[in-house]
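Take a look at the structure below.
Derivation of every value follows stated rules applied to the coordinates shown; laboratory data play no part. Since the model is a prediction, treat every value here as computed from it, not as a measurement. Cβ atoms come from the backbone with ideal geometry, glycine included; neighbour counts cover every protein chain shown.
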Amino acid sequence: MKVQVSSSSDALLFYAFLALLVWLPLPLGSNRWWSLAVFELCTLALALGWLVQYLRGRVVPGPALAGAWPALAILLGVLAWVAFQSVALPVSVVDSLSPVAAEIHAWAGSHSSLSLNTSATRSAALETLTLILVFALCLVLVNTRERLRALSVVLIVSGVFQAAYGSVMTLSGLEYGFLVEKEAYRGVATGTFVNRNHLAGYLEMCLAVGIGLLLSDLARDRAPNWRASMRRFLQSLLGRKGLLRLSLALMVIALVLTRSRMGNTAFFASLAITGLLFLVARKRLTRSSLVFFASLLVIDLLIVGNFFGVEKVVQRLQETSASTEHRDEVVQESLQIVADFPLAGTGAGSYYSTYPGYASGVVPQVYDHTHNDYVEFASEFGLAGLSLLAGAVLYCLYLALQALFRRRDPMMHGCAFACVMGTGALLIHSATDFNLQIPANAGLFMVVLALGVISASAQIQRAPSSA
């Protein structure tokens, strides 16, 4: 799949942005202090580089950034809220917003703030800024159709690498993660992540992007005769579409090999829901669309899935019970944190240091995360911060759905499909896991949200012919 990108003054920044997206999942999902620092430094450097180009008059923001101002305003509100959580405040202010936090600070003799762990919250503020910059960089750098296709292809290639690497490690028995032998989740695919569920979450979003790209290339009209129909079929089988279809199959194989219950459920549920929305939005069913979705649901699930062990995923679902899972106890105990700190939370990034005070001792292992993104965000950010986060996501989804139903541009349809499906899959998966606490997955999630804004923005121009 050869992709051309416009040779403009920000082309180097665009290539660096793509390289960063490929790098993010490699060092254990960037979920280590050093890899997170690399992520933050590189993103800040890219943002500063674009800002310098803008001040020198060499680049312009483009229509996507203008259309995203409500989402950006909300996200900046989230950043301001996290910063507010970490600063020292008058005792009366803390007592009015978070009485329990005021009591804890008074008992500990510490500076009064909304956060119970100010150093962790300040680190979370920097990570929040980084994710907002990823969202903004995607909007300003992906400003041509060629770049949109290039971004999609790079994300698919990254997903295929993770899928191939994870599958080979599992099927061969080598069991290596990122340059070191795996200590956990042996026998299941994890790619370069530590947790199989995080590989599943990453693949869900890459698959959404791949399906969206393939949809943008589907024929929009009926073939005039059987020869033309056969020609289209052979082109789709042997050409670029065939390679893309093979890439999707490889990622589905790896998704099944993760044995992630909610990962597989989220993928097929989001595919079915978004596919139905796509067919309704088209208002006219075509053979190519029906065959395409049928092949995804039937061929991947029944043939590829059965060959590589989808029955083991089903078995895990059937064997799930309260006696074998402790996530429900962790969620219940974490809900008590939400009850004690409903409005302001305990401070972004503070869950790992707050939860031990609420653990009943029933759960044998230590949990740094809730295994439920909604509960964790509610406990750390409070309902005020959670509402802001939900507002930004819902606005991007609204724009994507608007593009899906109102625009007639095939590429924008595919872009909107990727946003709706990718966002939907991760929102479903977040009910039982913590993908959004992993920098690589959170960063890709911001890119997927940006695709929703791009799909609804003014017509993206083609790159100059001299590119």
Inset, instruction - Evaluate 2.2 N^0.38 Å with N set to the residue count of the range 45-106, then give the Cα radius of gyration divided by it. - result: 1.78
Legend entry - D328-R240 FRET efficiency (beta carbon distance; Förster radius 41 Å; 0.05 resolution): 0.35
Inset, instruction - Distance between Cα centroids, the range 438-456 to the range 349-385: provide it in whole Å. - result: 25 Å
Inset, instruction - Would you mind computing Rg(Cα) / (2.2 N^0.38 Å) for the range 362-426, counting N as its residues? - result: 1.54
Inset, instruction - Using the Kirkwood radius over Cα pairs, work out the Stokes-Einstein diffusion coefficient for the range 367-467 at 25 °C and 0.890 mPa s, in µm²/s as a whole number. - result: 167 µm²/s
Inset, instruction - Grab the beta carbon distance between A66 and A45, set R0 = 22 Å, and tell me the FRET efficiency rounded to 0.05. - result: 0.35
Legend entry - Semi-axis lengths, Å, the range 4-141, gyration tensor of Cα atoms, sqrt of 5 times eigenvalues: 37, 18, 11
